[in-house]
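Peer 1: Mind looking over this structure? Questions follow.
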Amino acid sequence: MKLGCCYYPEHWPEAIWADDARRMAEMGLNLVRIGEFAWSRIEPEPGQYHWSWLDRAIDTLHAAGLTVIIGTPTATPPKWLVDRMPDMVAIDEQGRPRGFGSRRHYCFSHEGYRAECRRIVTALAERYGEHPAIAMWQTDNEYGCHDTVLSFSDGAASAFRGWLAARYGSPEALNAAWGNVFWSMEYRRFAEVDPPHLTVTEANPAHWLDYRRFASDQVRSFNREQVDILRRLSPGTPITHNFMGFFTEFDHHDVGRDIDVATWDSYPLGFLEQFWFSAKEKAAYLRQGHPDIAAFHHDLYRGCSNGRWGVMEQQPGPVNWARFNPAPLPGMVALWTLEAAAHGAEMTSYFRWRQAPFAQEQMHAGLLRPDSSEAEAADEVRAAAAVLQEIGPQVCAKAPVALVFSYEAAWVIGIQPQGQSFRYLELVFETYSALRAKGLDVDIVAPSADLSGYRMVLVPTLPIVPEGFAEKLAAFDGPVLLGPRSGSKSPSFCIPEGLAPGALRDLTGVTVTRVESLRDGVAEAGAKETGGFAVTRWREDIASDLAPELADAAGRAVVSYKDGVRYCSVWPDRALLALLVERMAGEAGVELRNLPEGIRVRRTQTHVFAFNYAAEPVFVPHLGATLPPASWHLDPV
């Protein structure tokens, strides 16, 4: 795995560039990402390109033995461009323009801005497409960051109407699909349809779902325009985009099909702070991050672009954007680096080389402090580089488990949660964590993925079942788990004919007759003989000829079983997930290990890695060894 860093030569005096490059190489880095925010320096006036500084920066890095990942600068259009076309900015859900003064101030649907992006990307690719230093292209930066996928601009409204016309063909078909007879919401022509915001109460959920589908398609087509230019002018050079953590606003599988390498920006401590984790977990993993945060995203993004993936931004110290920003425990930066290698990454790049002394990210740590002295992470990078050099290339072993992840499912649940604690990402993450706590390697895959070769398949929830998915599960030779709300909606966001689970009804042998959501703090006990689980958040009433495999204390079905397929009709707590993983693994002949709290393992074709995320030493029985905090253990296969 190659190591790199994110570097902004335009931020620093040219006199120190060569010394920076030398120090990077001596630290064990080989890749440097540059350029993704540099539009105002590349083109300070319309049509006036200033290439000489960027030429010298690239040549300086290359002379030190480093290769370059160059980003297209379209995430930060310059002020002169915004002034020329002020309607290019996104409009938020409250109808307010997203103004100049930070980044991502553009609407994906603005045709004028798209033309400007094609122009600057073409100029950049013509300049550097054949340069020997260029190892990879990055399109834009963090699509959708700061809530910018959804725009409610006039340009977005116009594009949405065209998208609807292509999808439905006639207003009558749209009205029928959306159920617009309800509340007299019927349209006579597509030109009457607006984006689903600023309504008195909630807009039609089918309207919202199609708007999310449309917005996701706009992200993909925006990215595809850049990819097509780069492939033409820089043939053979890999293309990436850096995705984010716990982010579902567009379909990453769709964008991933158009690039070569899916990368993501890994900030385990910030994600622990910002998301649903309990106060107890936030305290226990304050300086390490939850032991499944990084791994979850590694496995998710490995499934987004045919197995090629990497980390474009790795947290090296305190970040600046979370509610609270602790420093990593000593050893964690090295651990995160080696864990990426264990999951098959081809690169890990640290954000950033030197901490900036100015502007919005001045509190975000780097490998160097603003005065160019080394920050705490620098020695950990050297240590990780030495381990990587010793163990050589790492390729993931075949995982026994497929976990099905759907961006559309996240949109459906988010649009109509029915209970405020029913969170798609949390349900998927908890399922993943239950598997990892038993020592299992996991592939996170799209619903369209080939499931042959796996031993177990888990679908945390899939409200809209794609065509052919039920047949694929029926043909699968191994245990399957389907979570609550699977098959509960039609493609146009209606309750399916014959009730949920719709297309999965024959496969599961159950019909869902009623659903209810439970407020926080309500926990209804499971049957005593099935041990320890409780029903919280969500439950469904089931009609079936099958006797429940697992029931609550009142005898109501919790898990139904038919021919290797389980349907879980409640929100599964950790005890229930652990029980189901154990049963499925036993049926599939998959070996489990009950790992101590904070310990995780990952297998490659040549090594078995163990990582200690706990804040104290942990004895690991299968290793016969005690791992100190923030440490790792490697054994050859």
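Peer 1: What is the order of Thr626, Thr348, fewest Cβ neighbours within 10 Å to most?
Peer 2: Thr626, Thr348
Peer 1: What ranking of Ser221, Ser216 emerges when the number of other C-beta atoms within 10 Å of each C-beta is taken as an exposure proxy, fewest first?
Peer 2: Ranked by crowding around the Cβ, least crowded first: Ser221, Ser216.
Peer 1: Of the options Leu3, Leu29, Val459, report the single residue whose Cα projects farthest towards the positive end of the charge dipole of the chain (beta-carbon charges: Lys, Arg +1; Asp, Glu -1).
Peer 2: Among Leu3, Leu29, Val459, the one farthest towards the positive end of the dipole of the chain is Val459.
Peer 1: Let me ask you something else. Work out how much length Lys398 to Ala283 would gain on full extension: take 0.36 nm times their residue separation and subtract the Cα-Cα distance, in nm to one decimal.
Peer 2: Going from the current span to full extension adds 38.0 nm.
Peer 1: Which value, in debye to the nearest 20, gives the size of the charge dipole of the stretch 299-396 about its Cα centre, when Lys and Arg are +1 and Asp and Glu are -1 at the Cβ?
Peer 2: 240 debye
Peer 1: Oh, and also: Take every Cα pair under 8 Å in the chain that's 6+ residues apart, average their separations, divide by the length, and report that relative contact order as a whole percent.
Peer 2: This gives 10 percent for the chain.
Peer 1: Now, a different point. If you restrict to DSSP beta bridges whose two residues both lie in the chain, what percentage is antiparallel, to the nearest 5?
Peer 2: Given both bridge residues lie in the chain, the antiparallel proportion sits at roughly 45 percent.
Peer 1: Quick one: if you stick a label point 7 Å off each Cα along the C-beta vector at Asp87 and Glu467, how many nm between them?
Peer 2: 3.7 nm
Peer 1: Sequence neighbours fewer than 8 away in the same chain don't count; with that in mind, list the aspartates and glutamates whose C-alpha is under 13 Å from Lys398.
Peer 2: Those aspartates and glutamates meeting the cut-off are Asp299, Asp441, Asp443.
Peer 1: Something else now. Work out the FRET efficiency for Ala547 and Glu130 from their Cβ-Cβ distance, taking R0 = 45 Å, and round it to the nearest 0.05.
Peer 2: Using R0 = 45 Å, I get an efficiency of 0.10.
Peer 1: Suppose every K and R has +1 on its Cβ and every D and E has -1 on its Cβ; what is the size of the dipole of the stretch 401-588 about the Cα centre, in Debye to the nearest 20?
Peer 2: 360 debye
Peer 1: Also: Sorted by mean Cβ packing within 10 Å, highest first, what order do the peptides 545-553, 21-29 take?
Peer 2: The most tightly packed comes first, giving 21-29, 545-553.
Peer 1: If you take the Cα Rg of the stretch 401-588 and divide it by 2.2 N^0.38 Å, with N the number of residues, what do you get?
Peer 2: Normalised by 2.2 N^0.38 Å, the Cα Rg of the stretch 401-588 equals 0.93.
Peer 1: Residues of the stretch 397-428 with the amide nitrogen closer than 18 Å to a label point 7 Å from the Cα of Val637, along Cα-to-Cβ, please.
Peer 2: Counting backbone N atoms under 18 Å from the label point, the list is 397-402.
Peer 1: Taking the Cα centre of each part, how many Å lie between the stretch 34-107 and the stretch 497-534?
Peer 2: When both Cα centres are located, 50 Å separates them.
Peer 1: Given a Förster distance of 60 Å, report the FRET efficiency between Asn175 and Arg593 from their Cβ-Cβ distance, rounded to the nearest 0.05.
Peer 2: That pair, Asn175 with Arg593, gives E of 0.60.
Peer 1: Cα centroids of the stretch 288-334 and the stretch 380-430: how far apart, whole angstrom?
Peer 2: Using only Cα atoms, the two centres lie 11 Å from each other.
Peer 1: With +1 on each Lys and Arg Cβ and -1 on each Asp and Glu Cβ, and nothing else charged, work out how big the dipole of the stretch 445-512 is about its Cα centre, in Debye to the nearest 20.
Peer 2: It works out to roughly 220 debye.
Peer 1: On to the next question. If R₀ is 51 angstrom, what is the calculated FRET efficiency for the pair Leu623 and Asp228, using the beta carbon separation as r and rounding to 0.05?
Peer 2: It comes out at approximately 0.55.
Peer 1: Using only alpha-carbon positions, what ratio does the radius of gyration of the stretch 1-242 give when scaled by 2.2 N^0.38 Å?
Peer 2: 1.21
Peer 1: Right, something else. Can you give the calculated 222 nm mean residue ellipticity of the chain, where each DSSP H run of n ≥ 4 adds -39,500 (n - 2.57) and the sum is split over every residue, rounded to the nearest 500 deg cm²/dmol?
Peer 2: The helix-only estimate for the chain comes to -9500 deg cm²/dmol at 222 nm.
Peer 1: Continuing with the same structure: Starting from the Kirkwood Rh over alpha-carbon pairs, what translational D in µm² s⁻¹ does the chain have by Stokes-Einstein at 20 °C and 1.002 mPa s?
Peer 2: Rounded to a whole number, D works out at 82 µm²/s.
Peer 1: Using modelled backbone amide H atoms (1.01 Å from N, in-plane), which distant-in-sequence or interchain residues come within less than 5 Å of Ala500's amide H?
Peer 2: Sorted by chain and number, the residues that satisfy this are Val512.
Peer 1: Taking the Cβ of each residue in Ile495, Ile229 as the centre, tally the other Cβ atoms inside 10 Å and list the residues starting with the fewest.
Peer 2: If I rank by nearby Cβ atoms, fewest first, I get Ile495, Ile229.
None of the figures in this text is laboratory data; all of them are computed from the coordinates on show. Keep in mind that this is a model prediction, so the values were computed, not measured. Cβ sites come from the backbone with ideal geometry, for glycine too, and all protein chains shown count toward neighbours.
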